[in-house]
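Visitor: The structure that follows is given in the form of structure tokens.
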Amino acid sequence: MLAILLQTLPFFAIIGLGFWAGRTQIFSAEATGFLTRFVFYFPLSAMLFRFASNLSLAEIFEPRFVAAYLLASFALYALVLTVARLRGLPWAEGAMEAHAAVSGNTGFLGVPMLVMLLGAAAAGPVMMVLTIDMVIFSSLITLVITGTREGQLRLQTLTVLGRGLLANPMIVSIVLGFLWSGLGLPLPAVVNDFMALLGNAATPCALFAIGASLAGRRADRLQLAGWIAAAKLVIHPALVALAVFALGVEPFAAGVMIAAASLPVAGNVFILAQHYGVAPQRVSTAILISTAISVLTVSGVIALIGPMVGKT
């Protein structure tokens, strides 16, 4: 456990550095916004394209893998939503809490950290988890909130969802990478070197941006936010572990999936909560708490899945 903690500590140290820079105003909120956009559109997209272009969809789209992740995530979604409804919350708030509980920071934290810690073979499973989160669960929360507010789902809502997915550079990068891979052509050396050089900026910049974005958040409604954080950091990987063993997912991919499920609440959940005006402070606090605690919990999960991924 200590050895794994020491391996993950540099990643969280960069997050802490970003948090300090944001708190001391060395790095302003405006600068954080620009850095986040830079990572989102350029280094992270380059990294994902490069990974995908060296894989085939058949290598990572394994039905049992997808089924296990969806089964565990929807089970957690239902649990958190049920608890919220028992507390008397409206459907929209309950769905937002459930969305936070199943949506990990896979793009900015999971892809760079898990690939570096678990090896290049982790790229495929992590990208599959990222794609499911963005396509399935981000669409679901939009449909639930829109449906509860308008009393119906309109074609316009589905059109907006489709446009949003097509405009997401991470989705576009993964799709383009697989299309290139499908052509059976290697990346030209100059293109590969360009993508590698740009992609290498993703890890430190993304981690720093996470920390800087947390600096502007304040802890509020700790008990409720703590429940969401616990659901994300503990219950989600536990349910995923049960699902992968029940469905017989290949050990390495199963281990990567469990590690991905243990990641803290994704920052983009707050963007959705703020956009719709649904529990933004609660979600913000859950992101802050889960990210801070994940220094220990993610390290613990990676230590536990060590034998599955060939790490001891």
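Visitor: Pick from the stretch 201-226 the residues that are of a type outside the set (D, E, K, R), surrounded by fewer than 16 Cβ atoms within 10 Å (Cβ to Cβ) and under 18 Å from Ala101 (Cα atoms): which of them is modelled with the highest pLDDT?
Guide: Filtering the stretch 201-226 for residues that are of a type outside the set (D, E, K, R), surrounded by fewer than 16 Cβ atoms within 10 Å (Cβ to Cβ) and under 18 Å from Ala101 (Cα atoms), the one modelled with the highest pLDDT comes out as Gln223.
Visitor: Going by what's in this entry, would Ser139 be described as of a type in the set (S, T, N, Q) and either touching a residue at least 40 places away in the same chain (Cβ under 8 Å) or touching a Ser or Thr at 6+ places or on another chain (Cβ under 7 Å) (or both)?
Guide: No, not satisfied.
Visitor: Specify the residue that is surrounded by the fewest Cβ atoms within 10 Å (Cβ to Cβ); the eligible residues are those in the stretch 244-265 that are touching a Phe, Trp or Tyr at 6+ places or on another chain (Cβ under 7 Å) and part of a helix (DSSP H, G or I).
Guide: Ala253
Visitor: I've got another one for you. If you take just the helices (runs of 4 or more DSSP H) that sit entirely in the stretch 112-181, which of them hold at least 2 residues that are under 19 Å from Ala100 (Cα atoms) and at pLDDT 80 or above?
Guide: 123-132, 138-150
Visitor: Working carefully through the options Ala67, Ala29, find the one that is among the small types (Gly, Ala, Ser), in contact with a helix residue (DSSP H, G or I) (Cβ under 7 Å, 6 or more places away or on another chain) and touching a residue at least 60 places away in the same chain (Cβ under 8 Å).
Guide: Ala67
Visitor: I've got another one for you. Take the residues in the stretch 75-127 that are touching a residue at least 40 places away in the same chain (Cβ under 8 Å) and of a type in the set (Val, Ile, Thr), then tell me which one is farthest from Thr146 (Cα to Cα).
Guide: This residue is Val115.
Visitor: Something else: Would you pick out the residues in the stretch 85-113 that are among the aliphatic types (A, V, I, L, M), crowded, with 24+ Cβ neighbours inside 10 Å and either more than 24 Å from Ala167 (Cβ to Cβ) or in contact with a Lys or Arg (Cβ under 9 Å, 6 or more places away or on another chain) (or both)?
Guide: Met96, Ala98, Ala100, Ala101, Val102, Met113, listed by residue number.
Visitor: Any idea how many residues of the stretch 50-79 are modelled with pLDDT under 95, surrounded by 23 or more Cβ atoms within 10 Å (Cβ to Cβ) and hydrophobic (A, V, I, L, M, F, W, C)?
Guide: Within the stretch 50-79, residues that are modelled with pLDDT under 95, surrounded by 23 or more Cβ atoms within 10 Å (Cβ to Cβ) and hydrophobic (A, V, I, L, M, F, W, C) number 2.
Visitor: Within the stretch 271-286, which residues are within 16 Å of the chain's Cα centre (by Cα), more than 17 Å from Tyr77 (Cα to Cα) and either of a type in the set (Ser, Thr, Tyr) or surrounded by 22 or more Cβ atoms within 10 Å (Cβ to Cβ) (or both)?
Guide: Ser284, the sole residue that qualifies.
Visitor: Whether any residue in the stretch 48-68 is within 13 Å of the chain's Cα centre (by Cα), assigned to a helix (DSSP H, G or I) and more than 16 Å from Ala254 (Cβ to Cβ) is what I want to check.
Guide: Scanning the stretch 48-68 turns up no residue that is within 13 Å of the chain's Cα centre (by Cα), assigned to a helix (DSSP H, G or I) and more than 16 Å from Ala254 (Cβ to Cβ).
Visitor: Could you tell me whether the stretch 35-57 includes any residue that is β-branched (Val, Ile, Thr) and under 25 Å from Gly199 (Cβ atoms)?
Guide: Yes: one or more hits.
The values are calculated or read from the model by the stated rules, or taken from the named source; none is laboratory data. Worth saying up front: this structure is predicted, and the values here are computed from it rather than measured. All Cβ positions, glycine included, derive from the backbone under ideal geometry; neighbour counts span all protein chains shown.
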